[in-house]
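The values are calculated or read from the model by the stated rules, or taken from the named source; none is laboratory data. Here the structure is a predicted model, which is why all the values come from computation and not from measurement. Cβ: placed from backbone, ideal geometry, glycine included. Neighbour counts: every protein chain shown. What goes into the accessible areas is simple: the full protein's heavy atoms, side chains included, and nothing from ligands, DNA or RNA. Shrake-Rupley method; radii C 1.70, N 1.55, O 1.52, S 1.80 Å.
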Amino acid sequence: MNDKINTFLNSDLLNKYLIGQTTASETLEVEHFISEYPEIKKAYETLQDKLEFTAQLNAVKAPASVLNAVLDAVDDKPVITLKPKRTTKWYSLAVAACVVALLFAGSSAYLFNQNQKLSEENQVIVDEIFDLRSDIANNNNTLNELLEQFKQLNNPETEKYVLKGNRRAKNLKTIAYINPKEKKSMIDVVSLPQLPDNKVYQIWAELQDKMVSLGVLSEADRRLQEIPYTEDALGLSISIEPKGGSQNRSNDTPVAEISLKINE
């Protein structure tokens, strides 16, 4: 995610736009970013979902006791009839209106405070639910990847190759899994000896007339992962290259190499 997107997301403009508090120029800016950047569109849709979910949780009905209290106050208030003047009725209504206003003000303050507490509590719940949804989605993706890898490993067409390091990298061990029928390759980095900061391990596929890079191996890659499948590869090798990797394999002897049966 670039600095421009990060700066926009940290500006709080999306929140203001969502509740209708942006200026005309800010509105145009927000709508431009939403249409231009998928990350910002996704963040906007997430905020919309949260706002809708929060509104549903915060929907609070006024207690029935408030309405009953108002009606009782109007019914029980004595009517002053010292003089049978036409203004008596209006005076009684004014008194009743004052009582209603006071009760309404009190109940409104009570409801406002309760609503504020509920909003804070519900917002915490909403955030936790969205975090949980995100975790579940990530876990599902990871599970699907593991299931796919398991299927590949147990496929009868998949060949297993163990690459062990020579004297220059005695503890190096990687396992390659290649399925020529489905044209898929995976590698399991079991162990990698420590290298200087300016060096990396790089894996190569050997063809008839050249070496093709399949990527750089690092400490973070100590797990089963997919690598590019190379048609007609005669073998695999691992060499020590400058940091960042090389386009062409160095002339030094590889630290590990193996021939592939699929082309024997």
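Quick notes on this structure:
- Scanning segment 137-168 for residues that are of a type in the set (Gly, Ala, Ser) and modelled with pLDDT of 90 or more gives a single hit, Gly165.
- Search result, residues across segment 224-261 that are among the aliphatic types (A, V, I, L, M) and under 41 Å from the mean Cα position of the chain (by Cα): Leu224, Ile227, Ala233, Leu236, Ile238, Ile240, Val255, Ala256, Ile258, Leu260
- Taken over segment 26-48, the criterion of being among the charged types (D, E, K, R) and either surrounded by 14 or more Cβ atoms within 10 Å (Cβ to Cβ) or under 12 Å from Leu14 (Cα atoms) (or both) is satisfied by Glu26, Glu29, Glu31, Glu39, Lys41, Lys42, Glu45.
- Flag: Arg168 matches the condition of being in contact (Cβ under 8 Å) with a residue 12 or more places away in the chain, open to solvent by 60 Å² or more (accessible area, probe 1.4 Å) and outside any loop (DSSP other than H, G, I, E, B).
- Of all residues in segment 194-252, those that are surrounded by fewer than 11 Cβ atoms within 10 Å (Cβ to Cβ) and without any contact (Cβ under 8 Å) to a residue 40 or more places away in the chain total 12.
- Matching residues, segment 155-165, being assigned to a strand (DSSP E or B) and either open to solvent by less than 20 Å² (accessible area, probe 1.4 Å) or of a type in the set (Gly, Ala, Ser) (or both): Tyr161, Leu163
- Selection from segment 1-21 of residues that are hydrophobic (A, V, I, L, M, F, W, C) and surrounded by 11 or more Cβ atoms within 10 Å (Cβ to Cβ): Ile5, Phe8, Leu9, Leu13, Leu14, Leu18
- Of all residues making up segment 215-243, the number that are out of contact with any helix residue (DSSP H, G or I) (no Cβ under 6 Å at 6 or more places or on another chain), farther than 15 Å from Val255 by Cβ and among the aliphatic types (A, V, I, L, M): 3
- Pair list, Cβ < 8 Å and 6+ apart or interchain, from segment 175-191 residues that are open to solvent by 20 Å² or more (accessible area, probe 1.4 Å) to residues that are aromatic (Phe, Trp, Tyr) and not in a strand (DSSP E or B): Lys183/Tyr229; Lys184/Tyr229
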